[in-house]
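Data first, discussion second: the structure below is written as structure tokens.
Here, each number is a calculation from the coordinates, and none is a lab measurement. Please read all numbers here as calculations on a predicted model, not as lab measurements. No Cβ is skipped: glycine too gets one built from the backbone with ideal geometry, and neighbour counts run over all protein chains shown.
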Amino acid sequence: MSLGTVTPILRIFDEGMAREFYVDFLGFQIDWEHRFEDGMPLYMQVSKDGCLLHLSGHFGDCSPGAAIRIATTDVDAYQSELIDKQYKHARPGVKEVPWGGREMSIKDPAGNTLTFYNREPEISA
């Protein structure tokens, strides 16, 4: 028995702002979109490298204001890339945290917090 990866579902309210934030600013790509019919809320998957997120406009799927942590190989390089984009709604900073390491937290347009952190190097057995 083994467990697989986790795919968080994050609530969105404004599709245009969600696309601007996740695609244009964070650099994710849209993998697929789904609506049960025209005029229904959007449910979509976005990805960047090995990170998958589901974004939902449906009331019952999840609550706004969630917090997730996303491992990265170089949070400082990612922060520099984001700052260069001059996104009008966020200028994230990187900070040292008391438990060790460096992190960058950003709120999306729905109030969800994404914290990117330096992944610990894998230890060989």
What is the set of long-range amide H partners of ILE70 at a cut-off below 5 Å, with H atoms built 1.01 Å from backbone N?
THR115, PHE116, TYR117
Considering only the range 9-118, what is the antiparallel percent among its DSSP beta bridges, to the nearest 5?
65 percent
Rounded to the nearest 500, what is the 222 nm mean residue ellipticity of the chain from helices alone, with -39500 (n - 2.57) per DSSP H run of 4+ residues and division by all residues?
-3000 deg cm²/dmol
Of the listed peptides 77-85, 8-16, what is their order by residue-averaged count of other C-beta atoms within 10 Å, with the highest listed first?
8-16, 77-85
Residues of the range 10-33 with amide nitrogen under 14 Å from the 7 Å Cα-to-Cβ point of LYS85?
17-30
I need to check one value: relative contact order of the chain, counting alpha carbon pairs closer than 8 Å and at least 6 residues apart, in percent.
25 percent
Ordered by residue, what ³J(HN,Hα) values in Hz, to whole numbers, does the range 47-58 give under the Karplus form 6.51 cos²θ - 1.76 cosθ + 1.60, where θ = phi - 60° and Gly and Pro are x?
8, 8, 6, x, 9, 10, 10, 9, 10, 10, x, 7
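Multiply the residue separation of ASP24 and PHE59 by 0.36 nm, subtract the distance between their alpha-carbon atoms, and state the gained length in nm to one decimal.
Roughly 10.1 nm would be gained on extension.
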